[in-house]
1. Take every Cα-Cα distance within the range 102-220, group them into 10 Å bins from 0 onward, and report for each bin the whole-number percent of pairs it holds.
2. Rank these for me by crowding, 306, 421, going from fewest to most other beta carbons within 10 Å.
3. With everything on Cα atoms, drop me the angle between helix 97-117 and the longest principal axis of the chain, reported from 0 to 90° to the nearest 10.
4. Which log10 I(q)/I(0) values, to two decimals, does the range 183-229 give at q = 0.18, 0.21, 0.32 Å⁻¹ under the Debye formula with one point per Cα?
5. Evaluate the relative contact order of the range 174-331 (contact order divided by residue number), counting alpha-carbon pairs under 8 angstrom at least 6 apart; express in whole percent.
6. Report, in whole Å, the centroid distance computed from the Cα atoms of the range 297-311 and the range 1-73.
7. Return the Cα extents of the range 87-161 along principal axes one, two and three, sorted largest first, each rounded to a whole Å.
8. For the range 424-496, just the Cα set please: Rg and Dmax, both in angstrom.
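Derivation of every value follows stated rules applied to the coordinates shown; laboratory data play no part. Keep in mind it's a predicted model, so treat the numbers as computed, not measured. Counting neighbours? That spans all protein chains shown, and the Cβs are built from the backbone with ideal geometry, glycine included.
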Ligand code: NAD
């Protein structure tokens, strides 16, 4: 019998009030049930919010350096448990072990960064325009933050949200994606073992349309941080707008790599293989478009197809695997649908476009790396997020065209340019309309200490990661102290 896992609410591991559970299955072998997780209801969220408010009252009073020390211990425990958590993550999410180890490492980096921020959390002291008066700002915690996360980075993305939120003195309610509840469970275990006061974190498993929605709509949760699809993010945005909530959205992408005719093609080849087919194309920053200069197009596409067709598909737990399965049945159906759409639109399928024939893989959501050539700007496969191992190749004649094609989509997360021309590189850095641009590196590979996020319909102006996310999780308060002993009027008593 698979184990029944629990929510963590009000300092205890508890069964959901609904009494209902859902199965968590291995995407590389759907016969393997990893565990059953709570299919919670709105009442579980209500209990979690009440507990988080108590947690907030205490935690917000703890000095920030002390809060940072807890996060340092979290980092240490993640170091100790890195391999165990990575294995659990690969089992439920599918990506290869090297990548799930990287996912945990990102959590470790985020924890240690948060630790040091506990001794910074800078406010400012600036001159007042009046005599004998000080003017300064400092940061205050906000309250209870609802964190809603996607399946593709089961540990890293929750930590991007949770650690800065906690460091700033907030309490959190964590709703992980239904496909990766075990990693979430392990993360909360680590937080508790590190000494986080129990009411400060609540874990509520369940469906987005029930638990996620109840979190977004709860009047006592004042901050929502969401990463997931643009469609879900839009509906969350509408609710948060109506309820005056602070909201950070990180959503879809349609990222492009540009290969110019002076590029180091061997380097670009390694980059596109990793960017397009790493994580089975299920990264928000995955390379899903390849924009190639006509002078090198045919040669480069040939090199690409030769290599991509040989990538080893398999269960992520096998060290030799290069491409794991997709996350679930719907994800594979979506990929199959889009490959069909691409062909109907006139794209040429050069490799892939099918499930693997290997019998060993028939019980997993595998799909072969697929390259569609002859894609023209404006086709659906060029515009819409597929979130799988499908690369659309577009031929261009100049950098100007390449930049235009890159920019002419509704998303704006990541982009990349391969060239040896420093002028072209700087021009692209300036003109590519994305939150992140890589030069001579693929579209993936964000580092935890830099701001992360996208423009246009990828985001709503906030950033995760680095120093900027601390602005999102704290409220700036300004204090003026007038020690002149008399009324001084700003903008009126202006004599030098
Ligand atoms: P998703 O939108 O289906 O789900 C994300 C989370 O939202 C899950 O926890 C889900 O349960 C919850 N949810 C679903 N409906 C909800 C609702 N009505 N109210 C509240 N919560 C709800 O996304 P996914 O399939 O898990 O992830 C893939 C998507 O995430 C892709 O579009 C990808 O580009 C995006 N993503 C973006 C970033 C980024 O930083 N920009 C990072 C990773 C993934």
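1. In whole percents, the pair-distance histogram is 12, 39, 28, 12, 7, 2, 0.
2. On the way: 306 11, 421 15.
Ordered from fewest to most neighbouring Cβ atoms within 10 Å, 306, 421 come out as 306, 421.
3. Between helix and principal axis, roughly 20 degrees.
4. Debye curve over Cα of the range 183-229, log10 I(q)/I(0) at q = 0.18, 0.21, 0.32 Å⁻¹: -0.70, -0.90, -1.16.
5. Averaging sequence separation for qualifying contacts and normalising by length gives 15 percent for the range 174-331.
6. 45 Å
7. Ordered largest first, the range 87-161 gives principal extents of 64, 23, 15 Å.
8. 21.2, 62
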